[in-house]
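What follows is a short report on a single structure.
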Amino acid sequence: MPDLMAKTVAPLWQFRARVLAVMSAMLTASMVSVFGVIWIRLSDEIKETFTLFQRLTLLFFAGIVLWGLYRMATVRVAAYEDGLAVRNVFKSYRLKWSDISVLRLSPGDAWLQVFDQEGTRLGVLAVQTSDGPRAREAAKDLARIAKAHGAGRT
């Protein structure tokens, strides 16, 4: 699957959530530590009762959780001359500036909201209110860039 954030040109502007990255790193370290200690502390007799399939199943589900934490840690938004690139946890998006109607970070919103010309809402998880003034400033910066590049014009 191609990385939709990969561009050959440098972005005009980009932003990553700090709080989410720190939280994801801490959860990853905690998960690996706790389950590692549990496995080490199990007696050899108990470890031998696990079949190969059961061990692989445990590793598979742990891998899914770790992949999700990795994706959470790497959410980002980048502005380019031709549009906006958003990487959320499960999906990445590319929007042309002309397709964007409004960007909104209202009090009470968890993250920046982007509305397209049809009124469809897209959450930008990289700009989270948990990042405080840094996120509010990022939303203002992105709104200025979007307006300068033709967003909001119908």
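Brief remarks on what is shown
- Inter-residue pairs, beta-carbon under 7 Å, first in contact (Cβ under 8 Å) with a residue 24 or more places away in the chain and in the stretch 113-124, second surrounded by fewer than 17 Cβ atoms within 10 Å (Cβ to Cβ) and in a loop (DSSP other than H, G, I, E, B), 6+ apart: GLN117/THR154
- So ALA110, is it outside the structural domain of SER24 (by TED's automatic domain parsing) and either touching a residue at least 40 places away in the same chain (Cβ under 8 Å) or among the polar types (S, T, N, Q) (or both): no
- Pick from the stretch 120-136, criterion of a type in the set (Lys, Arg) and surrounded by 13 or more Cβ atoms within 10 Å (Cβ to Cβ), ranking: nearest to LEU95 (Cα to Cα): ARG136
- The residues in the stretch 52-79 that are out of contact with any helix residue (DSSP H, G or I) (no Cβ under 9 Å at 6 or more places or on another chain) and outside any helix (DSSP H, G or I) can be counted, and the count is 2.
- Taking the conditions (1) in contact with a helix residue (DSSP H, G or I) (Cβ under 7 Å, 6 or more places away or on another chain); (2) in a loop (DSSP other than H, G, I, E, B) in turn, PRO11 satisfies each one other than (1).
- Boolean, ALA110 is aliphatic (A, V, I, L, M), in contact with a helix residue (DSSP H, G or I) (Cβ under 8 Å, 6 or more places away or on another chain), under 19 Å from SER24 (Cβ atoms) and loosely packed, with under 15 Cβ neighbours inside 10 Å: yes
- Taken over the stretch 71-92, the criterion of being surrounded by fewer than 18 Cβ atoms within 10 Å (Cβ to Cβ) and under 16 Å from VAL9 (Cα atoms) is satisfied by GLU81, ASP82.
The values are calculated or read from the model by the stated rules, or taken from the named source; none is laboratory data. Nothing here was measured: the structure is a model prediction, and the numbers come from that model. Positions of Cβ are generated from backbone atoms using ideal geometry, with glycine treated the same way; all protein chains shown enter the neighbour counts.
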